[in-house]
1. Pop the C-beta distance of residue A:65 and residue A:16 into the FRET formula with R0 = 56 Å and round what comes out to the nearest 0.05.
2. Given the options A:258, A:71, A:298, state which has the largest fluctuation in a GNM of chain A using a 10 Å cut-off (strictly under) for Cα springs.
3. Please arrange B:63, A:248, A:155 by accessible surface area, largest first, computed with a 1.4 Å probe and ligands excluded.
4. Express in Å², to the nearest 10, the accessible area of residue B:127 obtained by rolling a 1.4 Å probe over the protein heavy atoms while all chains stay in place.
5. Which whole-percent values make up P(r) of segment A:2-106 when all C-alpha to C-alpha distances are grouped in 10 Å steps starting at zero?
6. Determine how large the accessible area of residue B:11 is when every protein chain is in place; take a 1.4 Å probe and give Å² rounded to the nearest 10.
7. Using the Karplus curve 6.51 cos²θ - 1.76 cosθ + 1.60 with θ = phi - 60°, what ³J(HN,Hα) values do you get for each residue of segment B:9-21, in whole Hz, with x for Gly and Pro?
8. So who's got an amide H within less than 5 Å of the one on residue B:47, skipping anything under 5 residues away but keeping other chains? H placed 1.01 Å off N, in plane.
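The values are calculated or read from the model by the stated rules, or taken from the named source; none is laboratory data. Computed from a predicted model, the values in this text were never measured in an experiment. Positions of Cβ are backbone-derived with ideal geometry, glycine not excepted, and every protein chain shown enters the neighbour counts. These accessible areas exclude ligands, DNA and RNA; they are computed on the full protein's heavy atoms, side chains included. Shrake-Rupley method; radii C 1.70, N 1.55, O 1.52, S 1.80 Å.
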Amino acid sequence: MGRRLQARRETAEGRALLRLTASYLAVFAIVIATLSVLAYTFVANTYRSIVAPALETPEGRAGFAAALRPVLAAIVTADALLLLAVGGASFALARSALSPLRRAREREERFAADAAHELRTPLGAIASMAENAELDAAEPARSVFASIARRALECGDLVGDLLTLSRASEPGALQAETLDLAIVVRHVIRDAAAAPGSLAIDASLSEAIVTGDERRLRQLIRNLLDNALAHAASRVAVTLQTNNGDACLSVEDDGPGVPADAIPRLFERFAKGSNSRGSGLGLAICRWIASAHGGEIVFAGGSRFTVRLPLATPGPAAPLS
Amino acid sequence: MRILLIEDDDDISGAVAAMLGRERYAVDVERDGERGLDRLLTASYALAIVDVGLPSRDGFAICRAARDEGIGTPLLILTAQDSVEQRIRGLDAGADDYLIKPFSIGELTARVRALLRRGERPPLPTRYAIGSLELDAGTRSASVAGRALELSATEYRLLEFFARERGRTLSRSQILEKIWDFDFQGSSNIVDVYVSQLRRKLAALDSTATIATAWGVGYKLVVKPPKAARSSG
């Protein structure tokens, strides 16, 4: 499957290369065409002034036209050869113009991956050592170790979130497949409900076949569900319906709702409410995931968030054997 | 039960080994990739936990080499990188699960328990040939009469499930449970959507293998009789 991703990225690059080649070629073609018209007009006018007296008879005019025909043919042939050469040159130019961009992107990707790696490995060591120490320690050291482990894990999530958003614009950031959103939601709810001390989650889910990246959609649903669970008094409600060619997913809790001052910047990065425990990236990631799938996420008042994703368009029916 | 841990970060390996020790597993720790692979190939382990970034041989190469040698030991990859490419590389290399650093040790032990429950992989055939359709489980690729069949990850898994159970009728709920981990009330048409996608792709390459409908029961993979169904020509 890695090949497929690679292929998609290469296709995007190929398209950029073609577009740039085409625009170079267009400029060259306009220049060549203009020069050709000028050359032809100049030659025709020069001939005309030389043979002006002969042009007064019909035979003379026909002879003049016949004399100009090879000139036109020569110019067209030269143009065709020139265009061919210029096409090759445009392609080479486009490629050399794009290659620093590609190298820059690769450098950036490598930097992000390296940075994540360099941060995650020590965070992993901190979390593992603290968790291990927690089991041997007596209070109050025990709860200190527990906090160290928890904060290290949160920091790891933050690194992951930043990496997600930094890669958001890359082609191949999504690995799309046909899926039933209801199954994805059920899995997320099942995992959340398995956590100790979890609140009641009411789910009313209808089938919704969409094209999407399952891992990303899980992340979106999990972020919304975690938010709801963190702020709920006792219950969280998740509904999934289809409506007008869209899948509509709503997540709502019975908590105090989003404070009014937080609403304007709800989906911005690092915009978090005073009572929020998260990184402040959760809803920004939700918004990116929804829009990358051609949908949107809106705050629908109170504590309710609604995600709208386009349903998959069914392909032509398969022949039944 | 004996577990092999190949990890070059001493702090992590120390803490993980101590934690697994509490759970009564015997843990061998190896810091170097090459030596880790040697141990995996020569000794018998119930499970191996393999870090990706290792001196001398990376975790993916270790998994691939172990699978190439026919080692069925469950393999859990530890990685500091969380990208689609990395995950695909890990699974393609034959890893059974992966965990991203930093992880909670509770999560690690839960994954370890799950993998140990599942046990060694049964020695499945790595290639299937059904009519003109061929599947290579090693590279997770499919082809029809030598031409590549482009499949998504789920399409491949479904087709491999059909191939493994060829000729047997699989019910929608069996398929849902196996491919979509569906253990809920109710049902989903996702199976029919995928069967129709697969049929379309197989038909486009004139495959003689096709998915037949067993009315009211489910689907099965069959080879078309030679003169059947060439209507669209």
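1. Values: r = 46 Å, r/R0 = 0.83.
The formula returns an efficiency of 0.75 here.
2. A:71
3. A:155, A:248, B:63
4. Surface open to solvent at residue B:127 totals about 150 Å².
5. 13, 28, 20, 15, 12, 8, 4, 0
6. 80 Å²
7. 8, 5, 5, 5, 5, x, 5, 5, 4, 4, 5, 5, x
8. Close amide H contacts, sequence-distant or interchain: B:4.
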